[in-house]
Amino acid sequence: MIKKTLFFILIFYILTLIQTAFLVHFNVSGITPNFVLITVIFINLFSPSHWQKAFSAVIGGFYLDIFSLNNAGGFFGFYTLILLGLSLFLKIILGKYVRLPVIQKI
Amino acid sequence: MRTRLNIKLYQNIKKIIVILVILAIVVVVLNFTGFSKNIKNFFFLISSPIQKSFWQAGKNVSGFVAGILEARILKKEIDNLHFENQELLGQIVALKELKKENETLREALGLGLEKEFELMVAQIISKDISQDSILVDKGGKDGVLSGWPVITGQKVLLGKIGQVYDRFSEVILISNKESSFGAKIPEREVDGIVKGKGSFNLYFDLIPREKEISEAELVITSVLGGVYPQGLLVGEIKTIRKSDIEPFQTAEIAPLFNVKNLDYLFIITNF
């Protein structure tokens, strides 16, 4: 659990740095895909652990809040709340209406 | 069985509510005590060396990738460049004469950038994911204040300082949706307001309908509004939108800066 937590903290930190300093050079007509958001969605779709889903949303959102400079009038926590909401939304939708292949340990 | 399920569900809901309450408290505390600024500054401080390396690497790689992708049109461009080269050679001779004249005038009138404003050099560290603000490596400890204009070495207006941290500052670009300031087309004495549209797009608003403007004309800052010094380059007119029923016409402006190619910029500390 602690190992996975540290892994998530490190991975999302690196992803956010790459997002804000490296990938900004590769925009297509002014749009850069948000890889932090994509990773959070991916984890929420395919991870079997509820804890991982929620934590990825919180830590991804936290880093986006730190490294985004001008979101929602400087409201810190904007991305954390948005990603947590998204995680909850996916949980409800997937739980009720969709069945996806889940990666499980054999 | 059903009761056990209900207990589990109740416990889960309880857990979620507790987590949400803790999160809400943390968010409120961070926003209202201003502690979020310290956290941001700490992260910028420990990340800035890595970010600088990533920024440089991204710049090099994107240049290389763009070169490969544009190989097809390169040949056509070479032909055009040969033709342009001939023309430019002719112009160089004329410009050399003008340069001499210009240098004499600059000396006489003191038009040098450093003479016109008091400047502070800053390096770009990262760009916001919303794309219309950047982070530079000068902050409150360097004496930077919110609202100071930021320009390039070519006197092109980039924006103004927004949030100031201890060692870093946010630059709100003129293309940011929150940005608006007075500008004019110097050749025609047409005044209006330049507003940001986001994603490096700008438009020139509130131009009286009876005023004639045309594409590729330069737009510069005006004294109106007092946000920026007069005479900074903003961009050139791209498309004009004019309607018979509206009292004003608007025009899209192509900014003269490209953040991708910028490393250093200048903060105007006094104007």
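Note on surface exposure: B:D132, B:D142, B:D263 rank B:D142, B:D263, B:D132 by accessible area, highest first, 1.4 Å probe. In the context of the full protein assembly, B:E212 retains an accessible surface of approximately 110 Å², using a probe radius of 1.4 Å and ignoring ligands and nucleic acids.
Computed over the alpha-carbon pairs of segment B:118-271, the distance histogram in 10 Å steps reads 12, 42, 31, 12, 3, 0 percent, short to long. Helix A:78-97 axis versus longest C-alpha principal axis of chain A: approximately 30°, rounded to the nearest ten. A 1.4 Å probe, protein heavy atoms only, puts the accessible area of B:S146 near 80 Å². The Rg/Rh ratio of the protein assembly as shown, with Rg taken over Cα atoms and Rh as the Kirkwood radius over Cα pairs, comes to 1.06. Largest accessible area first, the residues B:Y165, B:Y203, A:Y13 order themselves as B:Y203, A:Y13, B:Y165 under a 1.4 Å probe with ligands, DNA and RNA left out.
What is the ratio of the Cα radius of gyration of chain A to 2.2 N^0.38 Å, where N is its residue count, to two decimals? Don't skip to the end; give the middle numbers.
Details: Rg = 14.5 Å, N = 106, 2.2 N^0.38 = 12.9 Å.
Working it through for chain A, the quotient is 1.12.
Over chain B, the hull volume per residue, using the convex hull of the C-alpha atoms, is 256 Å³.
Note on A:K53: lysines with a C-alpha under 30 Å away, same-chain residues under 8 apart excluded, are A:K3, A:K4, A:K91, A:K96, A:K105, B:K8, B:K14, B:K15, B:K37, B:K40, B:K127.
B:I68 contributes an accessible area of around 100 Å² to the protein surface, as traced by a 1.4 Å probe with all chains present. Neighbours of B:V21 by Cβ distance under 12 Å: Lys/Arg scored +1, Asp/Glu scored -1, total +2. A 1.4 Å probe over all protein chains sorts B:W148, B:W55 by accessible area into B:W148, B:W55, starting with the largest.
The values are calculated or read from the model by the stated rules, or taken from the named source; none is laboratory data. Small disclaimer: the values here were computed from a predicted structure and weren't measured. FYI the Cβ positions are ideal-geometry reconstructions off the backbone, even for glycines, and counts take in every protein chain you see. Note: areas computed on protein heavy atoms with side chains; ligands, DNA, RNA excluded. Shrake-Rupley method; radii C 1.70, N 1.55, O 1.52, S 1.80 Å.
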